[in-house]
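Presented below is the structure to which this report refers.
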Amino acid sequence: MAYYRPGSEPEELKRRIRTLFEKLDSAYPDKTIIGLHTDHKKWGETVTKLYRELGYPDGKTFLEAYGYHYGFKSSSGGRPKTTDPKAIIQELQNRYPNGSQFETADDLFAANPDFMPKLKTIKNLANATFGMSLGKYLLSIGLINSKTTPRLEKPEKKKKFILCMVSILGLDGFFYFLSDTKSIREGDYVEVGIGVCANPVFGKIEKITICDDESAPCDLSKITTISRKVGVREYSNGMIRSILHANAAVASASIINNSSVVPFSNVIPKRYGFEQSVTWAVIRGLSCEVMKIMEYLQEKDSQIYDITDVIFIEKGIAELFVFGDDVLDVMIRYPNVKMAMFAENEMNGTVELYYSRSGVQEVTDNYEIGVCESRSDSKWTLRHSPVESFQDGGNIVYDFMCRDDWENINYVFTDKAGRNMQLGK
């Protein structure tokens, strides 16, 4: 006895039965099954599996329970011939006296659903009846048109990328970078740039993956490329430098991400020349930018500048002292930091404050302070900072008039799209 009445089967069995019957109906529109296991071996195997799962004794009983009938082949072998290919083709010619617009036999018969169930049979009998395949015969008598096969474009080969998962000194987790060389290996030490200033830091390659845009675990358009490989000695000697750079980059990114950001508009009503003698200056800016300036100055003169000279004021903000000709060089080369300095007029012995705001390559503010003995080794311009308020003797009472801007987090920075942006004032 069957386990289920027709229509009450579990959903999975019901789906498989429906798929089978759709196939059977296309081949046996009259629901009379003849030669199933010889003409449609795979379908016959499916019938066998299903009748066993449904609890029927055999395939015939199963199919009859669902409205089909079992027929038998004639003694001469083969299915009884109930289809006359020539008569069907003649009728199609009557329907399309000037030929059809179709390019295949399948499309022609699909447009004539009364003949569609007989298509497979006609195809099987075509060589014996017409001496050629059905498609060729229909083409020869003009019932279908010649196929215009479009030239297939060769699929574009997907570009492969070498994606490296890198651990960075001083930072938790892993970061993705691309490599432009196949000689890179897991375990190699590398230098990479991180943060908005692309600060140079050391890391170790933990894993390498070959991927394309679709299979990559991250957005490759936002991934930068490894700068270079470094040796074990350089990696060990540069650990402190790398950690400082990494922390500066992360802290600066935190300030940027937690501040309002607007396009930088350089609207300064008056600018001043760099005319007087400047011995030294204080710079202040995002710590990632100050670290890059230190890297540049140390490469110029490692006797004067050292990476530990950077003064970290608060998270993401740092200061640095710059000397001599480097003051003007840094002002022009790194305009995103602020600069304050004493400028001495050796002709009349007076001193001015020179101040440069973030985003500008020039002195943006200046005002006269007082007199100074420019030739003295103990002059007050060497003993005091331009960003402090102080009193020196009875002549100099100094108050840093640009303090509001100096302490304001309104720095200009260049984003990854190359645009100058300013933190909200």
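The values are calculated or read from the model by the stated rules, or taken from the named source; none is laboratory data. Bear in mind the structure is a predicted one, so any value in this text is a computation, not a measurement. With ideal geometry, Cβ positions are generated from the backbone for all residues, glycine too; neighbour counts draw on all protein chains shown. These area figures cover heavy atoms from the full protein model, side chains too; ligands, DNA and RNA do not enter into them. Shrake-Rupley method; radii C 1.70, N 1.55, O 1.52, S 1.80 Å.
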Answer residue from the stretch 345-364, given it is open to solvent by 10 Å² or more (accessible area, probe 1.4 Å) and in contact with a helix residue (DSSP H, G or I) (Cβ under 8 Å, 6 or more places away or on another chain) and is modelled with the highest pLDDT among those: Arg357
Any chance the stretch 25-43 includes a residue that's under 19 Å from Pro57 (Cα atoms), in a helix (DSSP H, G or I) and over 47 Å from the mean Cα position of the chain (by Cα)? yes
Going residue by residue through the stretch 191-200, is there one that turns out to be among the acidic types (Asp, Glu), open to solvent by less than 40 Å² (accessible area, probe 1.4 Å) and at negative phi? yes
Criterion: assigned to a loop (DSSP other than H, G, I, E, B) and either under 26 Å from Glu388 (Cβ atoms) or of a type in the set (S, T, N, Q) (or both) - qualifying residue of Ser215, Ser221: Ser215
Within the stretch 349-386, which residues are without any contact (Cβ under 8 Å) to a residue 12 or more places away in the chain and not in a loop (DSSP other than H, G, I, E, B)? Arg383
Return the residues of the stretch 306-326 that are at pLDDT below 95 and open to solvent by less than 10 Å² (accessible area, probe 1.4 Å); say none if nothing qualifies. Gly316
Residues of the stretch 1-54 being among the hydrophobic types (A, V, I, L, M, F, W, C) and loosely packed, with under 14 Cβ neighbours inside 10 Å, which ones? Met1
Identify the residue in the stretch 68-93 that is modelled with pLDDT of 85 or more and open to solvent by 40 Å² or more (accessible area, probe 1.4 Å) and, among all such residues, is nearest to Ser26 (Cα to Cα). Asp84
Can you give me the ranges of the helices (runs of 4 or more DSSP H) entirely in the stretch 227-330 with at least 2 residues that are in contact with a helix residue (DSSP H, G or I) (Cβ under 8 Å, 6 or more places away or on another chain) and touching a residue at least 40 places away in the same chain (Cβ under 8 Å)? 239-257, 287-300
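Yes or no, residue by residue, for (1) touching a residue at least 12 places away in the same chain (Cβ under 8 Å); (2) within 20 Å of Met116 (Cβ to Cβ); (3) of a type in the set (A, V, I, L, M):
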{"site": "Tyr4", "(1), (2), (3)": "yes, no, no"}
{"site": "Lys14", "(1), (2), (3)": "no, no, no"}
{"site": "Trp43", "(1), (2), (3)": "yes, yes, no"}
{"site": "Thr46", "(1), (2), (3)": "yes, no, no"}
